[in-house]
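Student: Below is a structure I'd like to ask you about.
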Amino acid sequence: MGLWAAVHAERLGIDALLVDANRLGHGASGGVLGALMPHMPYKWNAKKQFQFDALVSLEAEIAALEQQTGLSAGYRRSGRLIPLPKPHLREIALGHNRDAEERWIAGERRFHWHVIDKPPQENWLDAAAGESGFVHDTLAARVAPRSLTAVLAASLRNARHVRLGEHVSVDHLDLERKVAKTTAGDIAFGRCVIAAGYQSFPLLGRYTAGLVRSLGQPVKGQAALLKVDIDPSMPTIFRDGFYIVAHEGGHVAVGSTSENRFDEPFSTDGQLDALLETAAQLVPQLGGAPVLERWAGLRPKAIDRDPMIGIHPDHDGLIALTGGFKVSFGVAHRLAAAAVDLAAGRKPRFALPDSFLLANHIRVASRLT
């Protein structure tokens, strides 16, 4: 989110400094999965419309950055397959098909939620996984997380208005004087956008009175990257929060866990082994495939689950840009645009759902349960 904010600041000609306590994109953005999945098309609301518009627009955003940098972000609108193991799930899916026909429309482009009897490709998802059929949606996409962050960073290397400061930690914000105390010295600012992943929550909470709970928490995810000779156009497989994602270069990503409690945040364990076994059951071709990397990281889950964006109600120089949990890669470009618009005193180009607003999350964190 911070990288996208810097890209939008550069486009608007806003002088900005992007600082990271480590190297750019080293946190949850440095994972391996990269699934860009839409919300289900039923019970449509402002949140689902925002995500739909973001997922559709991301394709052109990435293409422009790839043309600018000459690098690839590993993006492909490859679609998604969902096995339907029970008859009642097929009936529900048929209803969602009608919802998608009404809602998944962007100008002249239409995206579909087809209910089919068998997988459209051979040597990918095992047909036995869907006793009652499968859903094949054409909206879902994927991106290579590290490639995308590399493209974003490369687009800023010769920026006119944005400077990059890696390995710079923020120790304290003096919001009255608008000075950040950092390991690189004092930095004066007009607006400060906090886009520090799960570390945003305690930092924002430090300047928020009346909280009875934290504004959010880290959720551990474990994933793995396999070496498999597979067509990279294969659709992402999704089942009960579990993903199998085909990438370029003969890579397949598998993940991820969602652990609210953990002892070792950046190590993998038997939970990942279980996911690898499940992957081999769904895609027999993955059985015995070499594991190139086992990855673990912490994703930011805001207290009300949705992304957390907006000007702090008590400090107009402080703007949140965090949360997102599992949807961040698909919506970060539009959330960042809204945050930069707010920092510039402009009306956001893209209307933010009320549940996304920092003020909403503060209200939730201020209530006793």
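Where a number appears in this text, it was derived from the coordinates with a stated rule and is not lab data. These numbers were taken from a predicted model, which means no experiment stands behind them. Ideal geometry is used to build each Cβ from the backbone, glycine not excepted, and the neighbour counts take in all protein chains shown.
Student: What size of dipole, in debye to the nearest 20, comes out for segment 162-312 about its Cα centre when the only charges are +1 on Lys and Arg C-beta atoms and -1 on Asp and Glu C-beta atoms?
Tutor: Here segment 162-312 has a charge dipole of around 640 debye.
Student: Just want the answer: with Cβ charges of +1 for Lys and Arg and -1 for Asp and Glu, which residue in G324, P87, Y243 is farthest toward the dipole's positive end in the chain?
Tutor: Highest projection toward the positive end goes to G324.
Student: Also, I was wondering about something else. Which of the three applies to the chain, rounded, prolate or oblate, going by the alpha-carbon gyration tensor with a ≥ b ≥ c and a/c under 1.5 meaning rounded? Display every interim value, and only then the final one.
Tutor: Working: a/c = 1.69, a/b = 1.60, b/c = 1.06.
Prolate.
Student: Counting other Cβ atoms within 10 Å, keep those with at most 15, restrict to DSSP loop, and tell me which chymotrypsin sites (Phe, Trp or Tyr not before Pro) in segment 277-369 are left.
Tutor: Numbers: sites: W295, F325, F329, F350, F356; in loops: F325, F350.
Filter output for segment 277-369: F350.
Student: For the chain, what's the relative contact order in percent, using C-alpha pairs closer than 8 Å and at least 6 residues apart? Walk me through the intermediate numbers first.
Tutor: Values: 794 pairs, mean separation 82.9, N = 369.
With pairs under 8 Å counted, the relative contact order is 22 percent.
Student: Also, I was wondering about something else. According to the square roots a ≥ b ≥ c of the eigenvalues of the Cα gyration tensor, what is the shape class of segment 33-92, taking rounded for a/c under 1.5, prolate for a/b larger than b/c otherwise, and oblate for the remainder?
Tutor: Values: a/c = 4.63, a/b = 1.86, b/c = 2.48.
The shape class here is oblate.
Student: Tell me whether segment 93-222 comes out rounded, prolate or oblate; compute the Cα gyration tensor, take square roots of the eigenvalues as a ≥ b ≥ c, and use a/c under 1.5 as the rounded threshold.
Tutor: prolate
Student: While we're here: Where does each of L175, L33, L357 land when they are ranked from fewest to most other beta-carbon atoms within 10 angstrom?
Tutor: Details: L175 17, L33 25, L357 20.
Placing the least packed residue first, the sequence is L175, L357, L33.
Student: Please order R142, R163 by the number of other Cβ within 10 Å, starting at the fewest.
Tutor: Arranged by neighbour count, lowest to highest, R142, R163 become R163, R142.
Student: Kindly provide the trypsin sites (Lys or Arg not before Pro) of segment 167-211 that DSSP labels as loop, not H, G, I, E or B, and whose Cβ sees at most 12 other Cβ atoms within 10 Å.
Tutor: Loop-located and lightly packed - R177, R206.
Student: Once label points are set 7 Å from the Cα along Cα→Cβ at both H172 and I92, what is their separation, rounded to one decimal in nm?
Tutor: So the label points at H172 and I92 sit 5.2 nm apart.
Student: Full-extension gain between D231 and E131, please, as 0.36 nm times their residue separation minus the C-alpha to C-alpha distance. Working shown, then result.
Tutor: On the way: separation 100, 0.36 × 100 = 36.00 nm, distance 2.47 nm.
So the extension gain works out to 33.5 nm.
Student: I would also like to ask the following. Hey, got the dipole for the chain? About the Cα centre, +1 on K and R Cβ, -1 on D and E Cβ, debye to the nearest 20?
Tutor: Details: 41 positive and 39 negative charges, 173 e Å.
For the chain, the charge dipole is close to 820 debye.
Student: With a cap of 14 neighbouring Cβ atoms within 10 Å, and only residues DSSP puts in a loop, list the chymotrypsin sites (Phe, Trp or Tyr not before Pro) found in segment 227-270.
Tutor: Numbers: sites: F238, F242, Y243, F262, F266; in loops: F262, F266.
Of the chymotrypsin sites (Phe, Trp or Tyr not before Pro), the ones in loops of segment 227-270 whose Cβ has at most 14 other Cβ atoms within 10 Å are F266.
Student: Just to confirm my numbers, what's the Cα centroid distance between segment 208-230 and segment 149-171 in Å?
Tutor: 23 Å
Student: With an 8 Å cut-off on Cα pairs and a minimum separation of 6 or more residues, tell me the relative contact order of segment 105-212 in percent. Please report the intermediate quantities before stating the final value.
Tutor: Working: 76 pairs, mean separation 13.7, N = 108.
Once normalised by length, the contact order is 13 percent.
Student: Once the other residues with Cβ under 15 Å from the Cβ of D341 are scored (Lys, Arg +1; Asp, Glu -1), what is the net sum?
Tutor: Values: positive: R11, R191, R334, R346, K347, R349; negative: E10, D316.
Summing Lys/Arg as +1 and Asp/Glu as -1 gives +4.
Student: Using Cα pairs under 8 angstrom and six or more residues apart, how large is the relative contact order of segment 231-369, in percent? All intermediate terms of the calculation are to be shown ahead of the outcome.
Tutor: On the way: 170 pairs, mean separation 21.1, N = 139.
Value for segment 231-369: 15 percent.
Student: While we're on this one: Provide the gained length on full extension for the span N158 to F266, in nm with one decimal, where the gain is 0.36 nm per separating residue minus the Cα-Cα distance. Before the final figure, lay out the partial values.
Tutor: On the way: separation 108, 0.36 × 108 = 38.88 nm, distance 3.29 nm.
Taking 0.36 nm per residue and subtracting the Cα distance, the gain is 35.6 nm.
Student: Related question: Fewest to most neighbouring Cβ within 10 Å: what's the order for E166, E264, E108, E259?
Tutor: Details: E166 13, E264 9, E108 5, E259 17.
Arranged by neighbour count, lowest to highest, E166, E264, E108, E259 become E108, E264, E166, E259.
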